[in-house]
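To start, the structure under review is shown below, and the notes come after it.
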Amino acid sequence: MALVTARTPLELTSGDNVQPQPLGVFARPTATTGIKGWLFSVDHKKVGILYGAASLFFFLTGGVEALLIRTQLARPGQKLLSADLYNQVFTMHGITMIFLVIMPMIAAFTNYLMPLQIGARDVAFPRLNAFSFWCFLFGALFLNSSWLLGGGPDGGWFNYAPNSGLLFSPSHGIDFYALGLIITGIASSVSAVNLIVTTINLRAPGMTWSRMPMFTWMSLVVQFLLLFSLPVITVALFLLMLDRLFGSSFFNTALGGDPMVWQHLFWIFGHPEVYILVLPVFGIVSEILPVFARKPLFGYPFMIFSGIAIGFMGFGVWAHHMFASGMGPMSVTAFSLATMFIAVPTGVKVLNWTATIYGGKLKFTTANLFSMGLIAMFTIGGLSGVTHAFAPADTQQTDTYYIVAHFHYVIFGGSLLGMFGGMYFWWPKAFGYKLREGLGKWHFWIMMIGFNLTFGPMHILGLQGMSRRIFTYSANQGFDFWNMAATIGAFIIAVSVAIFIWNVWVCYRDHRRNPVACEPDPWDARSLEWITPCPTPVHNFDTIPVVSEVDEVWHRKYGHDEAGRPVPIATRAEVVQKGDAEGVHLPSPSYWPIVLSAGLPLIGYGLIFSLAWAIPGGILVLVALFGWVMEPSTDPDAGHHDEHPSDAADGGDAAAELEGSEEAEVADQAEDAKTVELEGAPVG
Amino acid sequence: MMQARTRRSVARVVGGITTVVLFLSGCGALRDDKGRPLNTLSPKGPQAQRIDDLVRPVFIIAGIVFVFIHVAVVYIAIRYRARDEDPDPVQTHGNPRLEWGWTILPAMVLAILAVFNVQSIWQLEQRDSDAMKVTVVGQQWWWEFRYDTDDDGKPDIITAQQMVVPAGRQIDLQIRSNDVIHSFWIPMLNGKRDAVPGRTQPWSLEADKPGIYQGQCTEFCGLSHGYMRMEVKALSPADFDKWVENQLKGPVEPAADSLEAEGKALVVNRCLSCHQINGLDDKGESTGSDRPVEHYRGADHPLTAANAPNLTHLMSRNHFAGNMFDLYEPGSALKGVEPVGVPKIDNLQRWLQDPHAMKPMAADQNRGMPTLGLSAEEIRKVTSYLVTLK
């Protein structure tokens, strides 16, 4: 059995003697650059970027599916797609956009930013973090491989039983759905635990709950939503898988099952899922608007509590997706009332953002345009949501294009616009250069036009009776005009996305040809991630900052005059760290996350086609688990060992935090705290 | 200067009012049902009207909030655009009183609306004492309607695609499904209710006036979901009684040795294994009664094509195959009771020739109409018999 071989340390040691710890089975990866640097990295920033890249790739896939749907519906009676193919395409469009685009993009932002915003060097469990990504990616590829292996799932993303049963959907598509979502669900559950532990345990000294940046707050709420809702869908998916692959009858009425069980399980997950998709973006916007209004977020505590309230109430409204299902008037009344009142905390957020920009000094960067666009567009989605909280009205609206319009105003007009804003905002943080503002504005305005032209008319179509998920319609139903408008809109959206991709490409190319060092804190921003230079150095912080304010970075740069207007007290260059620290211990790369993940889809293929495939998959998983547990999270040869007595006093060492132990060094770092006392200090 | 400003604000007010008027008239136009047979905004019965009454103020309040937020965002964007000479803004951190205000105010508005909401939910569950019961059965991909005219617990009329009801009388629906979940929806008469296998779901509708009201299955039910439509034909009470009388009659018997008789022989031979013709069992033997058999072929088949539309009075309907294809030439569709239109025979012939070219189905999995492989001559005989089934 080979032992870990001696080699140059990955990081500089702190000078203590290195204890040989012959635990690994194979030599650990050491590369930090090139393709291997990406495949085996456990750095939360690289994992975040990988999540983002995968999300954008699937965004294009889901976008092509959307264009196919819109082309089919452009005119009545079109035969571009057969009914069968249309059903697969709209199913995969929904699954892709929800599970493979928005969720990983949220994971990208959370992975990259949350540790930076709380002043941590990495997440609590770095290898688990890498595992989450690879597990998601392989699950996503597994799901999409159904296209090549007999056709995609054709039951809709909601996949109601018994239409999802073997009798009614005999192709393998829905097996891919069940197993693919179980695999990506593992990724999200693991990630949720990891990020919750990180947020609770790894905050920098002084980073109290009431000083945490709003994005971190909202993603914390969302991780709890994931933690509690994913087990429910996982149970439902297992029951579905057992019904389809092993002949059980949980949803088969003829054998005593009940299809309504699926609906309840699905929506107990499915409704919190909506908030999972949108709350982090509320956080993103709450970060961007104050920066470009040069004013703090209006009502920070209200924004936190409304986010938490949405999270709690989000678990109590699921059956509003089932008002037409015949639950009986008592259940309908309860869920209808609960749904009406979930509008209140959401409304608070919209009004607080409006109050944040009111009286500000608004700079219309692309990031800010997207954020303000979100206020306007999400408001439309929120208001149409209130109209179907009224259960009798919902019996007219549900399963029509009015609902399609509603949730696209929430998920596109909310999540997606906010995420584009976030990308323009944090691009320099991640890559060290800004995206072009001019192209960005073209992107924004064309996207706004296309978006409203696509989804605005769907309100009318739905109210005029156009059902969802119909593969075509007739000329005498009065749907022709607005469908054509929506199709044109969809292609305009495609143009805006092409502009975005072009923007990314030219900026990347220019930066490669002529790398210009990014100015520190390029937006004159507020939260802690901007105390690190751009792009973020691998060790994040030279010294862990001591936090004493909400908007810590802003308060290090500005004091107040008597009128409450900001007065510069330090330049950005003075506030931002140099990024040149040495001797920082970091978690070491590992093969096992990607190897373990690679086994799971093989088991999936095994269950669907032939158990022979499951054998190599199972072996991979077992070997990877074995390798994983035998391998210390930080390579001993890289100069670290756990019982290092001076870690706590070693101001630059995150290792103590990475093991989840107490942060005892607050007092020692007081010199890092900012020294100016401010009047009228914010809450916290 | 002052005048210019006044003029400008006058222009703005006028422009604003014009926009609002145009917007509202646009909304008014949406309520028009001409050319929009599924419009939810043109209620034609008390249930649909009740829903409309409930939601209209909600739309108006939502519209006001929409205008308020959008005007605010645009105003703020213009008014507070950064100009270099401006000082940085005062760092206000919030205003708890204001924030509690805009938490409580919407909650109160919603609380008031909630009263009407709850009222409507319960009222829509109530049934008139004289309501007429109709059993609705959804299956891939068409709707069946069963009437029990003599209250003996067995259906006396089984029809499909078109539910015929008396205008001005509440219909008490019992909605069921034979296979997957469907949803029964006639937008101008009421909202929708799912048809769930294993359950009987109560629902109701009522048409104020005679007329035809279109519907569409709205719960995704597999391959041909888009082609699963239905309609409600409301008749005056007198016409409705005539319709019932006609439906209770047995099938028309063709003259011996006619083309129709040959057609009937083919139908008995090829169609009765799935389709029912009242008075005949699936072997073509007489059942000794003009009433339909509820469980044709002995049992409720969970999904198989054994559940095919009853053909006894085929030509008393307007459309076939999920209410998708005309049985009568355009302009001669039936409005009243008397079947007087000109049959659109070529539609039926195409259907018998190759049903899958007209409607996506999975007959190889027993879901939908199979291709029978009839010769053109046979198809001519079959259709000549079918068009007599009035």
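The values are calculated or read from the model by the stated rules, or taken from the named source; none is laboratory data. All values derive from a computational prediction rather than experimental measurement. So basically every Cβ, Gly included, is an ideal-geometry build from the backbone, and we count neighbours across all protein chains shown. Just the protein is used for accessible areas: all its heavy atoms, side chains included, with ligands, DNA and RNA removed. Shrake-Rupley method; radii C 1.70, N 1.55, O 1.52, S 1.80 Å.
Within a straight-line Cα-Cα reach of under 18 Å, residue B:192 can be paired with the following lysines, leaving aside sequence neighbours fewer than 8 residues apart in one chain: B:44, B:133, B:233. Here the average projected area of the convex hull drawn through the C-alpha atoms of the range A:273-325 stands at 4.3 nm². A prolate overall shape is assigned to the range A:465-585, the ratio a/c of its alpha-carbon gyration tensor axes (a ≥ b ≥ c) being 1.5 or greater and a/b exceeding b/c. Taking all protein chains as shown and a probe of 1.4 angstrom, residue B:20 keeps an accessible surface of around 80 Å².
Dividing the alpha-carbon radius of gyration of the range A:372-486 by the rule-of-thumb value 2.2 N^0.38 Å gives 1.26. Ranked by solvent-accessible area (1.4 Å probe, protein heavy atoms only, all chains present), the residues B:356, A:388 order from largest to smallest as B:356, A:388. Unpaired Cys in chain A, meaning no second Cys C-beta under 4.7 Å: A:135, A:507.
Working from the Cα coordinates of the range B:206-268, the gyration tensor eigenvalues give, after taking √(5λ), semi-axes of 32, 24, 8 Å in decreasing order. Measuring nothing but how far apart in sequence close Cα pairs (under 8 Å, 6+ apart) lie, relative to its length, chain A scores a relative contact order of 20 percent. Take each residue in A:161-172, count the other chain C-beta atoms within 10 Å of its C-beta, and the mean is 4. By a 1.4 Å probe calculation restricted to protein chains, residue B:319 has an accessible surface near 30 Å², given to the nearest 10.
Within the accessible area of the range A:112-248, the carbon and sulfur atoms contribute 77%, probe 1.4 Å, all protein chains present. Residues B:260, A:582, sorted by accessible area with the largest first, give A:582, B:260 [1.4 Å probe; ligands and nucleic acids excluded]. Please determine, in degrees from 0 to 90 and to the nearest 10, the orientation of helix A:83-95 with respect to the longest principal axis defined by the Cα atoms of chain A, where the helix direction is its Cα long axis. Roughly 30 degrees between the two axes. Chains A and B together bury some 8000 Å² of accessible area, summed over both sides, with a 1.4 Å probe. Would you give the gap between the C-alpha center of the range A:279-327 and the C-alpha center of the range A:513-531, rounded to a whole Å? Going from one Cα centre to the other spans 29 Å.
Over all directions, average the projected area of the Cα convex hull of chain B and note it in nm².
For the Cα atoms of chain B, the hull's average projected area reads 28.8 nm².
For the range A:146-222, the ratio of Cα radius of gyration to the globular rule of thumb 2.2 N^0.38 Å stands at 1.71. Across A:600, A:143, the residue with the most accessible area heads the list, and the full order at a 1.4 Å probe is A:600, A:143. Potential lengthening of the chain between residue A:147 and residue A:64 amounts to 28.5 nm, from the contour at 0.36 nm per residue minus the alpha-carbon distance. 3J(HN,Hα) along the range A:65-73: 4, 4, 5, 4, 4, 5, 5, 4, 8 Hz, from the Karplus curve 6.51 cos²θ - 1.76 cosθ + 1.60 with θ = phi - 60°, whole Hz, x for Gly and Pro. 3J(HN,Hα) couplings calculated from phi for the range B:356-369 with the Karplus curve 6.51 cos²θ - 1.76 cosθ + 1.60 (θ = phi - 60°) are, in sequence order, 6, 6, 9, 8, x, 9, 10, 5, 5, 9, 6, 10, x, 6 Hz; Gly and Pro show x. Working note: 222 nm ellipticity from helices only, DSSP H runs with n ≥ 4, each -39,500 (n - 2.57), summed and divided by the residues of chain B, gives -12000 deg cm²/dmol to the nearest 500. Each DSSP beta bridge with both residues in the protein assembly as shown is either parallel or antiparallel, and the antiparallel ones are about 70%. Working note: Cα atoms of the range B:155-236, range along each principal axis, descending, whole Å: 36, 25, 22. For the pair residue B:356 and residue B:82 in one chain, pulling the backbone fully straight at 0.36 nm per residue adds 92.3 nm over the alpha carbon distance. When the helices of chain A are scored as -39500 (n - 2.57) per DSSP H run of n ≥ 4 and the total is divided over every residue, the value at 222 nm lands at -19500 deg cm²/dmol.
Specify the inter-centroid distance of the range B:225-269 and the range B:18-96, based on alpha-carbon positions, in whole Å. Measuring centre to centre over Cα atoms gives 50 Å. Using the Cα gyration tensor of the range B:133-189, with a ≥ b ≥ c the square roots of its eigenvalues, what is the shape: rounded (a/c below 1.5), prolate (a/b larger than b/c) or oblate (neither)? Here the range B:133-189 falls in the oblate category. Each eigenvalue of the Cα gyration tensor of the range A:110-149, multiplied by 5 and square-rooted, gives one semi-axis; in descending order these are 30, 10, 4 Å.
Counting only residues at least eight positions apart within a chain, or on another chain, the lysines with an alpha carbon under 26 Å from that of residue B:283 are B:154, B:249, B:264, B:381, B:390. Extension gain, residue A:437-residue A:505: 0.36 nm per intervening residue step, less the Cα-Cα distance, totals 23.1 nm. Out of all Cα-Cα pairs in the protein assembly as shown, roughly what percent, to the nearest whole number, are more than 49 Å apart? Of all Cα-Cα distances in the protein assembly as shown, 33 percent exceed 49 Å.
Excluding ligands, DNA and RNA, the accessible surface per residue across the range A:470-547 is 39 Å² with a 1.4 Å probe. Using only side-chain charges placed at the Cβ, +1 for Lys and Arg and -1 for Asp and Glu, the dipole size of the protein assembly as shown relative to its Cα centre rounds to 3180 debye.
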